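S.K.: Okay, handing you the structure first.
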Amino acid sequence: MSKKIVAIGGGTIGEFVPNVGKQPYETEIMDIEIIRLSDATKPNILFIGFADPSYSEEYFSLINEIYAKRYNCKCKHLSLNILSNKSKVNDYFNWADAVYVGGGNTYTLMRILQKYGIDKKILEAYNQGKVMSGISAGGICWFSYGNSVIPTDKNKELIKLKCLELRKMIFAPHCDEINGHFENVENLLKGESLVGLSLSNACAIEIVDDKYRIIASDTSRYKITPFALKSFWYDDKYFVENVNISDSFECYDKLLTSKPTGKSATEEVKKLLRRRNIYFK
């Protein structure tokens, strides 16, 4: 069975923001790929909203609006109140062609997945060829580690959080925002023989077996074109390089190589990072 992941770095999905209004739908290209990879004309989409439990019902309504009403898929919500019913949980995963994990707090997400054994169901579904997908925390969770915050920590200190490890890599979303995800990748990688992939909003990595590509939405909402960065330590020096957005798939192992290639970030990305005084100073 093919192993398939679509991890989205961020973007709006048509949600309503108080005092701002309805947001644009920026993840269309990613959602279409999730459907395509499922190998079903109208796939069954299983939504997991544990990264933000208090918002999960509203979040599911947005996902249902996209996948059911726009693309004629069938959607179900793996809600907290059924997690103790193992038979029902099994039925949901057997029914699903794709799993979509929503954004929020990755620490909260991982604790719930582990507490109820959903992490094992996810691994089983992944090995069966079902599409694993998600945005923000729902993108971080598929990889080795990511940044997160313990909700009860008043100082909101970033921690290195071990995730599902379906792929051996560190993943950081929203790297065009000032929120600590990209800024702390350097620390996450210290002492690890791993690379880090940082994605801006409206950008995603699509992985199918031993191939990958970076895809992005055509959006004008942000002041910078969507982008992807690869980070790693080599010979006691920290490197940040550009990863191309492309229609073509490339060898995934090359992405994992911790050796400089000279593919520097674009000038607009360098300018952004200089303003934040975290790289290309």
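The values are calculated or read from the model by the stated rules, or taken from the named source; none is laboratory data. Since this is a predicted model, take the numbers as computed values, not measurements. Every residue, glycine among them, receives a Cβ derived from its backbone with ideal geometry; neighbour counts consider all protein chains shown. Accessible surface areas use protein heavy atoms only, side chains included; no ligands, DNA or RNA. Shrake-Rupley method; radii C 1.70, N 1.55, O 1.52, S 1.80 Å.
S.K.: How many residues are within 28 Å of residue 16 (Cα to Cα) and out of contact with any helix residue (DSSP H, G or I) (no Cβ under 6 Å at 6 or more places or on another chain) when one looks only at the range 81-96?
M.R.: 2
S.K.: Any chance you could count how many residues in the range 81-120 are among the charged types (D, E, K, R) and farther than 25 Å from residue 151 by Cα?
M.R.: Number of matching residues: 4.
S.K.: Just the residues that are touching a helix residue (DSSP H, G or I) at 6+ places or on another chain (Cβ under 6 Å) and assigned to a strand (DSSP E or B), please, taken from the range 169-188.
M.R.: Answer for the range 169-188, where residues must be touching a helix residue (DSSP H, G or I) at 6+ places or on another chain (Cβ under 6 Å) and assigned to a strand (DSSP E or B): 170, 171, 172.
S.K.: Within the range 63-75, is there a residue that is within 19 Å of residue 151 (Cβ to Cβ) and over 20 Å from the mean Cα position of the chain (by Cα)? Don't jump to the end; show me each part of the working.
M.R.: Residues of the range 63-75 within 19 Å of residue 151 (Cβ to Cβ): none.
Looking through the range 63-75, none of the residues is within 19 Å of residue 151 (Cβ to Cβ) and over 20 Å from the mean Cα position of the chain (by Cα).
S.K.: May I pose another question? List every residue pair whose Cβ atoms lie under 6 Å apart, where the two residues are 6 or more positions apart in sequence or sit on different chains, the first residue falls within the range 162-183 and is under 19 Å from residue 124 (Cα atoms), and the second residue, located anywhere, is in a strand (DSSP E or B) and among the polar types (S, T, N, Q).
M.R.: From residues that are under 19 Å from residue 124 (Cα atoms), the pairs are 165/144; 168/144.
S.K.: For the range 1-26: of the residues being polar (S, T, N, Q) and open to solvent by less than 40 Å² (accessible area, probe 1.4 Å), which is modelled with the highest pLDDT?
M.R.: Checking each candidate, the answer is 12.
S.K.: Determine, yes or no, whether residue 268 is at pLDDT below 95, charged (D, E, K, R) and either surrounded by fewer than 11 Cβ atoms within 10 Å (Cβ to Cβ) or over 19 Å from the mean Cα position of the chain (by Cα) (or both).
M.R.: Yes: the conditions hold for residue 268.
S.K.: Filter the helices (runs of 4 or more DSSP H) completely within the range 56-166 down to those with at least 2 residues that are in contact with a Ser or Thr (Cβ under 6 Å, 6 or more places away or on another chain) and surrounded by 13 or more Cβ atoms within 10 Å (Cβ to Cβ). Steps first, answer last, please.
M.R.: Values: elements: 56-64, 86-95, 106-115, 118-127, 137-140.
Passing ranges, in order: 106-115, 137-140.
S.K.: While we're here: Which residues, counting only those in the range 211-238, are crowded, with 20+ Cβ neighbours inside 10 Å and either over 23 Å from residue 262 (Cα atoms) or more than 20 Å from the chain's Cα centre (by Cα) (or both)?
M.R.: Result: 217, single match.
S.K.: Checking residue 273 against (1) within 25 Å of residue 105 (Cβ to Cβ); (2) in a helix (DSSP H, G or I), which single condition isn't satisfied?
M.R.: (1)
S.K.: Now for a different question. Going through 35, 29, 48 one at a time, which residue ends up being open to solvent by less than 20 Å² (accessible area, probe 1.4 Å) and under 30 Å from residue 228 (Cβ atoms)? If you could, list the steps in order and put the result at the bottom.
M.R.: Details: 35 fails: open to solvent by less than 20 Å² (accessible area, probe 1.4 Å); 29 fails: open to solvent by less than 20 Å² (accessible area, probe 1.4 Å).
The conditions single out 48.
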